[in-house]
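Q: Can you keep this structure in mind? I'll have questions shortly.
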Amino acid sequence: MARLVRQAEAMDGAALGRVHVECWRQAYAHVLSAEFLARLDPVARGEQWQRFLSRPRPDNTLRVLEVDGELRGFAMCGPSVEDPPARDIQLYSIYQFASEHGSGSGQLLLDAVIGDAPAELWVAEDNPRALAFYRRNGFELDGTQKYEPDWENLSEVRMVR
């Protein structure tokens, strides 16, 4: 399989919406209700991505993963949105299809957006695969936790390096 990590382009909006929603469904099926996950709308999410891509922010980095020409993941970082920030850079998201787990593509995405820079991120507390991935990349829990009320009070923990 040919894997390529590249900068997102304006034409990627709809595909990003499909990938984003499918990744949410795969990653959070064990912590969010089936009803909640079924309500996620890949078309609406794609429209949000299209709007974002039509007005790129130079301080954000968005990379997509293509496997044999098909979009299968993405990662995005930028300035921390925390007040106060734990680090200047925040990894906003990194998602890939479960079929990509163990392929090395997650590492490619992480390296493409933040490399080995000091950064912060939020991760679902009950996501052992992601926690282990971030730990392998030098991130540690800093003891900060929050709950996402719009996501059935999903518990997230912050990691920093």
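Q: Filter the stretch 46-93 down to residues that are of a type in the set (Lys, Arg) and buried (at least 17 other Cβ atoms within 10 Å of the Cβ) and give me whichever is farthest from GLN107 (Cα to Cα).
A: ARG87
Q: On the given criteria, is ARG6 part of a strand (DSSP E or B) and either of a type in the set (Lys, Arg) or modelled with pLDDT under 95 (or both)?
A: When the stated conditions are applied, ARG6 passes them.
Q: If only one of ALA15, ALA27 is over 19 Å from PHE133 (Cα atoms), at pLDDT 95 or above and in a helix (DSSP H, G or I), which one is it?
A: Criteria check complete, one pass: ALA15.
Q: Condition test on ASP142, is it without any contact (Cβ under 8 Å) to a residue 12 or more places away in the chain and farther than 18 Å from ALA29 by Cβ?
A: no
Q: Would you mind stating whether GLU47 is within 26 Å of GLU152 (Cα to Cα), in contact with a Phe, Trp or Tyr (Cβ under 9 Å, 6 or more places away or on another chain) and of a type outside the set (A, V, I, L, M)?
A: Answer is no for this residue.
Q: Could you please find all residues in the stretch 94-111 being surrounded by 20 or more Cβ atoms within 10 Å (Cβ to Cβ) and either of a type outside the set (Phe, Trp, Tyr) or more than 25 Å from ALA15 (Cβ to Cβ) (or both)?
A: ILE94, GLN96, GLU100, SER105, GLY106, LEU109, LEU110, listed by residue number.
Q: Moving on to the next point. Go through the stretch 111-146 and give me each residue that's among the hydroxyl-bearing types (Ser, Thr, Tyr) and either under 21 Å from PHE97 (Cβ atoms) or assigned to a loop (DSSP other than H, G, I, E, B) (or both).
A: Residue satisfying the conditions is TYR134 alone.
The values are calculated or read from the model by the stated rules, or taken from the named source; none is laboratory data. Source: prediction; values computed, not measured. Reconstructed Cβ throughout: ideal geometry from the backbone, glycine too, with neighbour counts over all protein chains shown.
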